[in-house]
Every structure is written in structure tokens, then in C-alpha cells.
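Asks: Before I ask anything, here is the structure I am working with.
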Amino acid sequence: MQVETLILGAGAAGLMCAAQAGAGTLVIDHARNPGEKIRISGGGRCNFTNYEVEPARFLSENPHFCKSALARYTQWDFIELVSRHGIAWHEKTLGQLFCDGKSTQIVAMLLREIEAAGADLWLSTALRELSHDGSRFTARLEREGREQQVTARNVVLATGGRSIPKMGATGLAYDLAAQFGLEMTETRPALVPFTFPEGRFSALSGLSLPVRAAAGRGSFDEAMLFTHRGLSGPAILQVSSYWREGEEIAIDLLPGQDIAAALKAARAESGRRALTTALGQMLPPKLVAHLAESLPLGGNLADLSDARIAELAAALQGWVLRPQGTEGWRTAEVTLGGVSTAGLSSKTMMARDVPGLYVIGEAVDVTGWLGGYNFQWAWSSGVAAGDAIARDT
Ligand SMILES: Cc1cc2nc3c(=O)[nH]c(=O)nc-3n(C[C@H](O)[C@H](O)[C@H](O)COP(=O)(O)OP(=O)(O)OC[C@H]3O[C@@H](n4cnc5c(N)ncnc54)[C@H](O)[C@@H]3O)c2cc1C
């Protein structure tokens, strides 16, 4: 069988690309259903983009690479598509846009788009081998137990990253990119909870509070959640993308607040009150009890000198912790790193040295912040490749 374009992976990027590339396109996926990560995303409501998409909110060895695709297919384009399909949506927080209903509406929308464009979709189909003779690719596929050979002028690698192998994530895009001589950057689990030695936070498990979390060059004002295994919540997931093994993270437990001034005022008003009681009005009492195990929080407010108040404020606004590790690929929302952008065109996503080979979505070394940024990259890079293919055809 001959096709114009073979897309490997029926996830967010692959489906979007197929909708643009149009007739003569075949999308294959080894899973039984398309867009499984879309289905489970955003707690089942898919945080499909963000009002505040901008290149600075993406990590990559080349921070400029994402600019072109994001500028040519924007959040407003995707919002228009969603609205055209009659899908109701709302802003939850920080510009994050979610479906009012289920995330499967987004999958259904993409399937309607690829059907209208005249592209085909084969599920439960595995790639056994891919070769290139200089002008056409030949793919040996296994579909429902039967072998099938497909030749294509273009091949699009859209099989995503390594996160959540249980959902069918594989390193296929990376293996094929390497086969065709493309470079890779280191891949790491990102948007992932931190783990700490057994029992460190178990007494606080389930407790959540707004913080400013910082690691490396990343700093985020969002919620932090204590878990049995360590720390999670949006602020922690965000900084995990900037953290490296062995490094410390810093937590401001009372962001934007002048704790020293508040404690001095409390001391003047009721000096006989216990310091832990006063802190318990600013922070969850359970957390204050936990902090008292390592900070000198005994005594009354009247016992506190200005110098001790300053020390205490610094400790609460720069609580330094050293994570043991992360929960890894099992729960990471995305893969940091991937196919190096050095070998790809930022306009078309085509490999510079292998005409007809494209890489899109999470497989590329472009990783967004939490909050709809990763889907926007999937849509934008998928459209960049799909448009280039449609123009060429
Ligand atoms: C739990 C969770 C929640 C998330 N929530 C959000 C969110 O709300 N907003 C957001 O922006 N991002 C979210 N993300 C990230 C987002 O899902 C991904 O960044 C996005 O799906 C990447 O799109 P993609 O098309 O590159 O890869 P995917 O969507 O992962 O698609 C890859 C496809 O390739 C297929 N495939 C893989 N290996 C093979 C193989 N060997 N052979 C054939 N097919 C293969 C897979 O079955 C899959 O269908 C979430 C991720 C997770 C894990």
C-alpha cells in the first residue's frame, strides 16, 4: 500500500497533524484507542491550552525553536477550533482553559477533523521496521496480527515521550530519530512529584497550601501538597522541570507576606501568646508542629528578639529541602528533552538531513510548563508539520 504521509502516533500532535496534512495520510497507533493522554488529561476535562502561551514558558536546549510554530498556530486558533465544534470551556486559573464537559470531546473533535480532511487511522497497529531508500520510506506494520507493508513519501514521528509507560508510552520516536542520525538531548521525567525518605511528611499527607517553590531558574507561586511519598501539587510539579538530582529546593511558606512585621505586631498585642499559636494563625497548625521538630519554635512571643524574628521569617520564607528523587516515569506528566531541535526546521519540523522525516509533539526537545502548554505545543508543532506537508503535496 502507498500513502503520501505516514504518521506514527495518534496522540494530540499526530491527530492534529493528520487534520492538516489531509488526504493520502495514514495515522497508526499501537493502542486500541486514539488520544489516550488527552482522555485522562486535566482530571478528565483536558486543560487544552492557556491564555498566556508564550515561548518563555517552554524549556528546550534552544529556547527560540518553539517560537515559529507557536506564533503560527496560537492558543486563539485552538480556542476557535474548540468553539467551532460547539465544545463549552472555561478558564480555571492562571489562564488555564478546560472543557466544561469531558476531555473525550477533544478526541472526538480531532477525529471529526481528520475524517473531514480525508486521512485514515489504523489502531492496534505496531511498527516493526522503517527504512528509507533516499526518496520513499517503507514501513513494515503489524495490524491485528497480520503483516502489512506501507510506503510513504513522508513519515511523521508523533509517538510522544516516555512518561507513563503503562499508558503505552515508548521510546519509539527516539529510536527512529537515532536510526536516521538525529541527535538527542537527555530525557528526564518532568512535571513530577518529589520523593523524600520514608515517613518524612506522612503526618502531613493530604495537606495543601499556597507557596512559592523554587529550584534552579524556576520559581512558581501555586499550591503545594504533602503526600505519603513526599511533595506534589502544581508548584512542585512546575519546579521539578528545573531541578536536578542532589539539588535543593526552596519553599516560601508565606509568599508575599511580611512575616517579621506580622510577628512584631502580634508580640506587641499579646506577648504571652505561644509562638506556635501565633504561627498557627498564619500556617496550618499541623505544619507548624512539623516545623517545630527542626526550628526553635518554643516560648512566647514576648521572648522573641527582633533578630530571632528576622531569622524565623527567613526560615519560613526559605524552607530548604533536598528531595531524594522524583516519582519518575510512572507519574511524570511529560518528558523533558528528546529529539534535539538542532536537526529540525522550526518552521516545518522536518529533519534538515532527512527530507520527508518530521518530528512533532512531546518527542521533540520542547517541554511546556504545567497548565495547557504541552497540548499547545502538540497542536502548534502538529500544524506546522501538517501545513508543510499539505503545501508540498
Ligand atoms: C496524566 C497526564 C495529564 C496531562 N494533562 C495535561 C493537560 O491537562 N494539559 C496539557 O497541556 N498537557 C497535559 N499532559 C501532557 C500531554 O498529555 C502531552 O504533552 C501530550 O499528549 C503530548 O502529545 P503527543 O501527541 O506528542 O504524545 P501523546 O499524546 O502521548 O501521543 C503519542 C501516541 O503515540 C502512541 N505510541 C507510542 N509508542 C508507540 C509505538 N511504539 N507504536 C505505535 N504507537 C505508539 C501512543 O499510544 C499515543 O497514542 C498530561 C499528561 C499526563 C500523563
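Asks: Of the numbered conditions (1) of a type outside the set (Phe, Trp, Tyr); (2) open to solvent by less than 60 Å² (accessible area, probe 1.4 Å); (3) within 21 Å of Ala31 (Cβ to Cβ); (4) without any contact (Cβ under 8 Å) to a residue 60 or more places away in the chain, Ala169 fails exactly one; give the number of that condition.
Replies: So Ala169 meets the others, but not (4).
Asks: Tell me, which helices (runs of 4 or more DSSP H) wholly within segment 1-98 include 2 or more residues that are open to solvent by less than 20 Å² (accessible area, probe 1.4 Å), of a type in the set (Gly, Ala, Ser) and more than 8 Å from the ligand (Cβ to nearest atom)?
Replies: Details: elements: 12-21, 36-40, 67-72, 75-84.
Fully inside segment 1-98 and qualifying: 12-21.
Asks: For Ile236, indicate whether it is open to solvent by less than 50 Å² (accessible area, probe 1.4 Å), within 30 Å of Asn374 (Cβ to Cβ) and among the hydrophobic types (A, V, I, L, M, F, W, C). Spell out the reasoning first.
Replies: On the way: open to solvent by less than 50 Å² (accessible area, probe 1.4 Å): yes; within 30 Å of Asn374 (Cβ to Cβ): yes; among the hydrophobic types (A, V, I, L, M, F, W, C): yes.
Yes; evaluated as a whole, the condition is true for this residue.
Asks: Name every residue in segment 331-346 that is surrounded by fewer than 18 Cβ atoms within 10 Å (Cβ to Cβ) and under 15 Å from the mean Cα position of the chain (by Cα), in order of residue number.
Replies: Once the filter is applied, which keeps residues that are surrounded by fewer than 18 Cβ atoms within 10 Å (Cβ to Cβ) and under 15 Å from the mean Cα position of the chain (by Cα), segment 331-346 yields only Thr331.
Asks: If you take the residues of segment 279-330 that are of a type in the set (Asp, Glu) and without any contact (Cβ under 8 Å) to a residue 60 or more places away in the chain, which of them is surrounded by the fewest Cβ atoms within 10 Å (Cβ to Cβ)? Working first, answer last.
Replies: At the first step, the residues of segment 279-330 found to be of a type in the set (Asp, Glu) are 293, 303, 306, 311, 327.
Going one step further and asking which of them are without any contact (Cβ under 8 Å) to a residue 60 or more places away in the chain, we end up with 293, 303, 306, 311.
Values: Glu293: 8, Asp303: 12, Asp306: 11, Glu311: 15.
Result: Glu293.
Asks: Taking the residues in segment 347-365 that are outside any strand (DSSP E or B) and hydrophobic (A, V, I, L, M, F, W, C) as candidates, determine which candidate is farthest from the ligand (Cβ to nearest atom). Spell out the reasoning first.
Replies: Filtering segment 347-365 down to residues outside any strand (DSSP E or B) leaves 347-349, 352-356, 360-363, 365.
Still in the list and also hydrophobic (A, V, I, L, M, F, W, C): 349, 354, 360, 363.
Working: Met349: 11, Val354: 19, Ile360: 7, Ala363: 6 Å.
Within segment 347-365, the match that is farthest from the ligand (Cβ to nearest atom) is Val354.
Asks: Look at Thr185 and say whether it is among the β-branched types (Val, Ile, Thr) and open to solvent by 30 Å² or more (accessible area, probe 1.4 Å). First the steps, then the outcome.
Replies: Values: among the β-branched types (Val, Ile, Thr): yes; open to solvent by 30 Å² or more (accessible area, probe 1.4 Å): no.
Taking the combined requirement at face value, the residue does not satisfy it.
Asks: Being in a strand (DSSP E or B) and more than 11 Å from the ligand (Cβ to nearest atom): is that true of Val383 here? Reasoning before the result, please.
Replies: On the way: in a strand (DSSP E or B): no; more than 11 Å from the ligand (Cβ to nearest atom): yes.
Judged against the criteria, Val383 is not a match.
The values are calculated or read from the model by the stated rules, or taken from the named source; none is laboratory data. Everything quoted here is computed from the prediction, not taken from an experiment. Neighbour counts are summed over all protein chains in view; Cβ atoms, including those assigned to glycine, are modelled from backbone coordinates with ideal geometry. Just so you know, the surface numbers come from the protein's heavy atoms only, side chains and all, with ligands and any DNA or RNA stripped out. Shrake-Rupley method; radii C 1.70, N 1.55, O 1.52, S 1.80 Å.
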